[in-house]
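The values are calculated or read from the model by the stated rules, or taken from the named source; none is laboratory data. Bear in mind that the values here come from a model prediction, so they are computed numbers and not experimental data. Cβ atoms come from the backbone with ideal geometry, glycine included; neighbour counts cover every protein chain shown. Accessible surface is based on the protein model in full, side chains and every heavy atom, while ligands, DNA and RNA are left aside. Shrake-Rupley method; radii C 1.70, N 1.55, O 1.52, S 1.80 Å.
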Amino acid sequence: MTVLDVFRAQATACAALGSPFNARLMTLCAEHLTTDSPVGAHILNWKGDPSIQADSVPLRLAGALHRLVLRGDPDLSPHWPPHETDDAALWAIVETALTEKADQIIPLLASAPQTNEVRRSAVIIPALHLIAAWAGKPLSIMELGASAGLNLLKDQFAVDTGTVRYGPQNPLFTLTPEWTGNHPAPASVDIAARRGVDLTPISAEKSEDCERLMSYIWPDQEDRKTRTQAALEAARRSGLTPDAGDAGDWLTDALPRTDPDQMAVIYHTVAWQYFPDATKTTAMKAMNTFGADRPLARISMENDGQGKGALVTLTLWPEAREIVLGRADFHGRWVDWTGPTRLD
């Protein structure tokens, strides 16, 4: 697959995930990007895997351009949402930027896209209720690939499926996924400890980090911006920032530190696929070692390439028993729960 093919694939993904603007931008890049500009040459001669499953080069470019818009770029901003523009005008201003603003754009391409989609908690929160009812003790939650750690604040979010409600009565916000299938029984969930890790964690207290995070939120999705900004404010109030490090090494150290009176719960959402094989091996060894002696749960929401959205699974130790919970939209817009409502 060529770099331009990757842009076409990203355009399809953006359209499916509700971002017509980014779908247009990615399509225009696929149709018109050449090596004539410094940025075009840098992208089309990308040293590495440009695909969606690896370096996500199209989203790096989309994020870099959006970051300039967030900084108030006078040329690009009039062509970005909420403003409207036609394809010819949009590409003309982008093409100009790829040359005239190359010194600003190229350094931004070095950073892998980081999202912290809080709507993914719409499937993780019901899973925590399932685990809490089974474990009968407070939870110690650990997120791998935590970005800014916003989903570590999930006990401040509510989920309303239209039939069942999970979470506090006065939440920071309420997630309302389109829900099909069964419902785990609501339980008393006490999150006693929370930690996260990311190779390049985002601090809610640093304006530059927040700008980087917001740049990867697709510009025509105002609801995502509003939720993320609210979660960033909550993270600032809590002082929560994930640790910096390799997920495998971090987990090897963090798991044994879990309070014996707490149920350890590890989770990751659309992150595992980006970990190097050595990291995955180390992380699995840490889970299997810890889980041989103490109960442990792992919630995984990851792209398995086998169907619509992401596969959601729950693994319980000491048996290392894997339970398929269902599938969910990558951005948490819908959940199809096919798993149990209670654990044996």
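Can you name the number of the only condition in (1) outside any strand (DSSP E or B); (2) touching a residue at least 40 places away in the same chain (Cβ under 8 Å); (3) closer than 15 Å to E319 by Cα that F290 fails?
If we test F290 against (1) outside any strand (DSSP E or B); (2) touching a residue at least 40 places away in the same chain (Cβ under 8 Å); (3) closer than 15 Å to E319 by Cα, just (2) comes out false.
Which one is most open to solvent (accessible area, probe 1.4 Å) among residues in region 44-58 that are among the polar types (S, T, N, Q) and closer than 14 Å to F275 by Cα? Break it down stepwise before answering.
Restricting attention to region 44-58, the residues satisfying the condition of being among the polar types (S, T, N, Q) are 45, 51, 53, 56.
Still in the running and closer than 14 Å to F275 by Cα: 53, 56.
Working: Q53: 102, S56: 7 Å².
Applying the filter and picking the extreme gives Q53.
Considering only region 223-259, state which residues are of a type outside the set (G, A, S), farther than 19 Å from S140 by Cα and free of Cβ contacts under 8 Å to residues at least 60 places away in the same chain.
Within region 223-259, the subset of a type outside the set (G, A, S) is 223-229, 232-233, 236-237, 240-243, 246, 249-253, 255-259.
Next cut, farther than 19 Å from S140 by Cα only: 223-229, 232-233, 236-237, 246.
If the condition is that a residue be of a type outside the set (G, A, S), farther than 19 Å from S140 by Cα and free of Cβ contacts under 8 Å to residues at least 60 places away in the same chain, then D223, K225, T226, Q229, E233, R236, R237, D246 are the ones that fit.
Quick check: is even one residue across region 169-188 of a type in the set (S, T, Y) and surrounded by 17 or more Cβ atoms within 10 Å (Cβ to Cβ)?
Within region 169-188, the subset of a type in the set (S, T, Y) is 174, 176, 180, 188.
Now restrict to residues that are surrounded by 17 or more Cβ atoms within 10 Å (Cβ to Cβ): none.
The answer is no; no qualifying residue exists.
Please go through region 1-36 and give me each residue that is surrounded by fewer than 20 Cβ atoms within 10 Å (Cβ to Cβ) and outside any helix (DSSP H, G or I), ordered by number.
Scanning region 1-36 gives M1, T2, L17, G18, T34, T35, D36.
Go over the candidates E95, E100 one by one and state the one that is surrounded by fewer than 18 Cβ atoms within 10 Å (Cβ to Cβ) and modelled with pLDDT of 95 or more. Break it down into steps so the answer makes sense when it comes.
Numbers: E95 fails: surrounded by fewer than 18 Cβ atoms within 10 Å (Cβ to Cβ).
Criteria check complete, one pass: E100.
Take region 248-271 and flag every residue that is open to solvent by 10 Å² or more (accessible area, probe 1.4 Å), modelled with pLDDT of 95 or more and either under 12 Å from G145 (Cα atoms) or of a type in the set (A, V, I, L, M) (or both).
Within region 248-271, W250, T269 meet the criteria.
If you take the residues in region 303-322 that are assigned to a strand (DSSP E or B) and open to solvent by less than 20 Å² (accessible area, probe 1.4 Å), which one is nearest to L128 (Cα to Cα)? Outline the logic, then answer.
The first filter runs over region 303-322 and keeps only residues assigned to a strand (DSSP E or B), leaving 310-317, 321-322.
Narrowing further to those that are open to solvent by less than 20 Å² (accessible area, probe 1.4 Å): 310, 312-317.
Values: A310: 18, V312: 13, T313: 12, L314: 10, T315: 12, L316: 12, W317: 15 Å.
Taking the candidates together, the pick is L314.
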